[in-house]
Every structure is written in structure tokens, then in C-alpha cells.
């Protein structure tokens, strides 16, 4: 890390693998770990939940989505935080070895890492928008977001409450408001009674970076503005919350790396 700072104008080079690692847990106040259909909703160990198209892991890991990660470079991992710790030790172009298990079957899969940069942050932002059933494009130093695919949106939303409201108001809106307007993404992060942590978004790379900073909470809040409306009118700003697990009271800690 010291050499990175010295040789890279004070910047630390981080790696990009193009994978989504997750761990699902139920809120401690919500004791029932099964949904109404009797399916267990917890996944206590980290697993590969997605592989981003075109990334360095696409060829090697796409067939291992759903597999539990038990070790990274021979380092045992028991949760997303330990997976992150193991990945943070990597340098660009390092080979990464994953020990994966599923249904009693084990596999060791190796991937060569790349350098994390604006393009890789953009890939994460674009990937997330696509999962939400949206399309995004940057213009005039702002990120436009249109929700266009209701089926994809519903597949991501699953059984979670919509959580759409005008900023400062408690009344919940339906998803129709998302699909009937064009939006500018003002910021992304987490709004809570304990304080707000929101990062300004100007393009898909900003969105991807903000998502990586918010990911371990299992919750993503988007602050959106109705495109073309009066910026001084608070009624033109809404907050859309995504529960990454697709269920209330269940948190899918997610690591995009």
C-alpha cells in the first residue's frame, strides 16, 4: 500500500473482479427466518450472488453463481466483512483463488484481477440500474434515470415494501410514479433516523462508487428529482428505497468488487 501511494501520485490502486458477493440475514427483531411459503431466507455464509457481464470473472465464475465462498486465496472467510478483508489485500493483476462449495460439491476457481477505475465503477452503476429495470445516461454533469421495465423491477423488488415517498413526507407512493416520470439521480446512500449518509451522483461511475460505499447495509436509498420540474419545490424530490434482499426485515449485505 505504501508503494502504491509513493508511485501512483498518492492514490491506492484497488482491484476489480466484476462479482457480487452477498450474505443474507434476518433482522434480530424478526425471529422467523422463513417466509410465508416456508423458504429459508437466511444465508449466513457469503456466496456469489451475481457475476457482472464482461468483467474479469465472467468466464470463470458465471457458472458458480449461488456457490458459497469458504476461502479466498486460502484465507477462510465466514462473512462478507472477511471476504472484503481478503480482497482488499489484492493488487491489480493478482490471481485470486476462490474455494467454493454447494450441495456437498467443492471447486477451486482462479480469476485474474484488473485495476478498479472509472470504467469499472461505471460498469457497477450500469449493472445496478439494469437490475432495477432502468436505463441511465449522463448529461450536463447529471445522471438521468428512466424506469422502463416493470417486470425486471418487480423481480428485483420481490416482496419488499415499495418505500417510495416525497422527501420529508410519510405517505408511501406506488411504483407508478417511477415509471410515469423521468428522473435525475441527486444522490445515493442510506437515509435513517440515526443520520443520513448520501453521496452526490453525477454519472454512472459516481453511482457505482456510492453503491460500493453503501453495500454492506443491505439497503440502497435513491434521492430522485423529477426531470424538468421546479428545483425549489420539495414535492419534486422523492426517495426510493431498495431492500437488496427483496424482503422486509431481511438484509442482503452485498459486496460489488
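The values are calculated or read from the model by the stated rules, or taken from the named source; none is laboratory data. Since the structure is predicted, the reported quantities are computational estimates derived from the model, not experimental observations. Note: ideal-geometry Cβ built from the backbone for every residue, glycine included; neighbour counts use all protein chains shown.
Per-structure values
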| read-out | value |
| --- | --- |
| Odd one out for residue 112, checked against (1) in contact with a helix residue (DSSP H, G or I) (Cβ under 6 Å, 6 or more places away or on another chain); (2) assigned by TED's automatic domain parsing to the domain that holds residue 20; (3) surrounded by fewer than 17 Cβ atoms within 10 Å (Cβ to Cβ) | (1) |
| Count of the stretch 205-257 residues which are part of a helix (DSSP H, G or I) and within 26 Å of residue 83 (Cα to Cα) | 13 |
| Residue match in the stretch 143-153 (condition: out of contact with any strand residue (DSSP E or B) (no Cβ under 8 Å at 6 or more places or on another chain), closer than 20 Å to residue 219 by Cβ and in the same structural domain as residue 199 (by TED's automatic domain parsing)) | yes |
| Any hit, the stretch 124-133, residues being modelled with pLDDT under 95, touching a helix residue (DSSP H, G or I) at 6+ places or on another chain (Cβ under 9 Å) and not in a helix (DSSP H, G or I) | no |
| Index of the failed condition, residue 194 passing every other in (1) at pLDDT 95 or above; (2) out of contact with any strand residue (DSSP E or B) (no Cβ under 7 Å at 6 or more places or on another chain) | (1) |
| Residue check, residue 48 crowded, with 16+ Cβ neighbours inside 10 Å, under 20 Å from the mean Cα position of the chain (by Cα), modelled with pLDDT of 95 or more and within 19 Å of residue 127 (Cα to Cα) | yes |
